[in-house]
Structure formats: C-alpha cells, structure tokens
Amino acid sequence: MDSECGEKQGNSTNGSEFVQFIFVAILLFVFWLAVSGLFTPKHITIGAITSVAVAWITRPLLRLPSTENQNKTYLAFHISYMRLFLYLLWLFKEIIKSNRYMIKLILSPKMPIDPVIVTFEKKMDNPLAHLTLGNSIALTPGTLAIEIEDGLYVIHAITKEMGESLVTPDGRDANMVRRVAAIFDERDREVCHDHNE
C-alpha cells in the first residue's frame, strides 16, 4: 500500500461549548416532554431543571480528543447540520441502491460473488468523522468495516464492484469518503488505498 499520505491539518474549529450546552439541554427537554406526555407547570419545571443539570454534568463527555493533536478537542454537536441532513438523504438512497444490487446477486443463478478486502487510509482529525464513515460503510449492504485504526480502513466487500465504490482506481476520495469529510471540514486530506482479493 502506498504509505505517502498527506499530513495536512483540517480546518475544523473547536466550536462554542456554551452553544452545545444549550443545544443538548433543549434536546433533553424536548425528549422529556415527548416521553412524559405531561405538560403541567410542575412537570415542565422538573423537566427543565433536570435537562439543564444533565447537560451540565455531561459536558466533559461531549469533548472529543483530536486523533492527531493531543491539545485539541472537538465538540460532539459542532457540525454542519445542513451537510449532515443532505448526507443522510444521499446515504438512504445509496442503501436502497445497494439493497437492490444485493437482491440481484442473490437471485442470480450464478451467484457472481467475488469477495475482496479493500484497504484505504483517510486522515481525519475529528473522531466523529471516522465514526460516521465506518457506520456508513457498515449500513450499506455488501460492505463491512473490519477494522479502523489510525485512519486506516480495512473493508470487506462482497464484490469487486462494491469495493471500488469505496476506493477509486485513480486514488481520489470515493463519493462516500468525500461526503463524510465535507460534513466535518476534512476535505483537504488525501487518501491512500489498496485492493487485496
């Protein structure tokens, strides 16, 4: 595998911890109202106090350490929600396409299955970017993330075509990799790859 991957720093920022705290408190409060179904002043007050307290206590858990810089942290909810929403729509479409492809494979009398192991390296500083990409690969039928460590992805694909949807022959980021990187502002990082049948 080509080991000369770029070590550029991403342009992610630490974001505002106070904004995240407010966001989490509101999210918890809405969840409280939805689950309790009680809208009396007493229950609304208890829900509001509890939501603020839990959001305050869990603040340290929402600080994620950078994968490359020990002095840098990311906030869990400091992302582009519009990019995330558009990505989830795209991912849903890809899951449907992959399901149709898998049905064709299963129903084909020849069962043209040709499993491959695909490896590629994608340097991303935000750990949530790796989590999102790994889960996206696992959610797409026909591909499974076997291992993700230090930006190195080992993927099992049921056919060579499925593997090539994650690693392009010319070395550029595949569509899914590029879209996930865009959500977390990691677009300027290079990708290295390899195929093993």
Residues located in the stretch 120-148, provided they are more than 14 Å from the chain's Cα centre (by Cα) and closer than 20 Å to Asp185 by Cα: Phe120, Glu121
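Do we have any residue at all in the stretch 65-74 that's at pLDDT 80 or above, in a strand (DSSP E or B) and under 25 Å from Ile26 (Cα atoms)? Let's see the steps before the verdict.
Within the stretch 65-74, the subset at pLDDT 80 or above is 74.
Remaining after also requiring in a strand (DSSP E or B): 74.
From what's left, under 25 Å from Ile26 (Cα atoms): 74.
Yes: one or more hits.
Being touching a Lys or Arg at 6+ places or on another chain (Cβ under 8 Å) and on the phi < 0 side of the Ramachandran plot narrows it down to one residue among Leu133, Leu166, Leu144, Leu152; which is it?
On the way: Leu166 fails: touching a Lys or Arg at 6+ places or on another chain (Cβ under 8 Å); Leu144 fails: touching a Lys or Arg at 6+ places or on another chain (Cβ under 8 Å); Leu152 fails: touching a Lys or Arg at 6+ places or on another chain (Cβ under 8 Å).
None of the others qualify; the one that does is Leu133.
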Qualifying residue in the stretch 162-173 (condition: of a type in the set (Val, Ile, Thr) and at pLDDT 80 or above): no
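The values are calculated or read from the model by the stated rules, or taken from the named source; none is laboratory data. All values reported here derive from a predicted model rather than from experimental measurement. Cβ coordinates were reconstructed from backbone atoms using ideal geometry, including for glycine residues, and neighbour counts include every protein chain displayed.
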